[in-house]
Amino acid sequence: MKKLFIILIGCCIFAGCTEYKVKKLYEQGQNYEKQFEWDKAVETYNIILKSYPKSQIAPQAQLDMAQCKEKIDKIDKLINETDKLLNSKKYESAIKNMEDILKLGIQHSKRDTIERNLDLTKLNLADEYYSKKGNKNKTKAFTLFKELAEKGYSYAQYSVGFMLQNGQGT
């Protein structure tokens, strides 16, 4: 009887430790999501599902993993589409895709790259607008150049000054 009681206490302690480990792993996965590190979050949730499939947290980990994978797939698809759009000089659509990528959330190192590419694409679009005839296009060009000039792009700053001096797009 005493032996059975000790075994039961040991099982309860072990089960409690297991749930604690699963909870900590789940929290780690959540932290990866907050940092937009979708791949690491998926790996962490996968550990929970493989190592602790009967835990209380496993169903939620499965759901969260599926949502992370969906975001990864959307981002990959948007990046591929954006590359094609940029190669065909469809800047407006490429800008929309890059803005959508930023809305989905990506980790900071990649975010900086996307934001820089977004700005450079806006510069290309502003140049394209500027080279077209008509005041409407000059106004669009001026608006984009001004936005980028405020971010410190010297070419955009020059273009704003040039357009102001010549009364274009204002």
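Summary of values
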item: FRET E, pair N31, S51, Förster distance 25 Å, beta-carbon r, rounded to 0.05; result: 0.85
item: Sites E147 and Q107 - FRET efficiency at Förster radius 25 Å, r taken between beta-carbons, to 0.05; result: 0.50
item: Extension reserve of the E81-F162 stretch, reckoned as 0.36 nm per residue once the Cα distance is removed; result: 25.7 nm
item: Cα-based shape type of the stretch 24-76, given that a ≥ b ≥ c are square roots of the gyration tensor eigenvalues and the cut on a/c is 1.5; result: prolate
item: Mean separation of Cα contacts under 8 Å, 6 or more apart, over the residue count of the chain: relative contact order %; result: 13
item: Heavy-atom accessible surface of the chain: percent carbon and sulfur, 1.4 Å; result: 56
item: HN-Hα J in Hz across the stretch 76-87 - Karplus 6.51, -1.76, 1.60, θ = phi - 60°, x for Gly and Pro; result: 4, 5, 5, 5, 4, 5, 4, 4, 5, 5, 5, 5
item: Förster radius 25 Å - calculated FRET efficiency between K96 and Q60, Cβ distance, rounded to 0.05; result: 0.15
item: Listed values (1) 26.0, 97; (2) 27.0, 97; (3) 15.6, 47, entry calculated as Rg and Dmax of the Cα atoms in Å; result: (1)
item: Extension gain, S154 back to D127 (0.36 nm per residue minus Cα-Cα distance, nm); result: 8.3 nm
item: Heavy-atom surface of the stretch 21-112, accessible at 1.4 Å and reported per residue (Å²); result: 64
item: Percent RCO, i.e. relative contact order, over the stretch 42-118, from Cα pairs under 8 Å lying at least 6 residues apart; result: 21
item: Loop-located trypsin sites (Lys or Arg not before Pro) in the stretch 100-150, at most 16 other Cβ atoms within 10 Å (DSSP); result: K132, K133
item: Dipole moment magnitude, nearest 20 debye, the chain about Cα centre, only Lys, Arg, Asp, Glu C-beta charged; result: 220
item: Lys/Arg +1, Asp/Glu -1 at C-beta; the stretch 23-170 dipole; positive extreme among N31, S55, N97; result: N97
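The values are calculated or read from the model by the stated rules, or taken from the named source; none is laboratory data. Every value quoted in this text rests on a predicted model; they were computed, and no experiment measured them. Note: ideal-geometry Cβ built from the backbone for every residue, glycine included; neighbour counts use all protein chains shown. The area values use the complete protein model at the heavy-atom level, side chains included, leaving out ligands, DNA and RNA. Shrake-Rupley method; radii C 1.70, N 1.55, O 1.52, S 1.80 Å.
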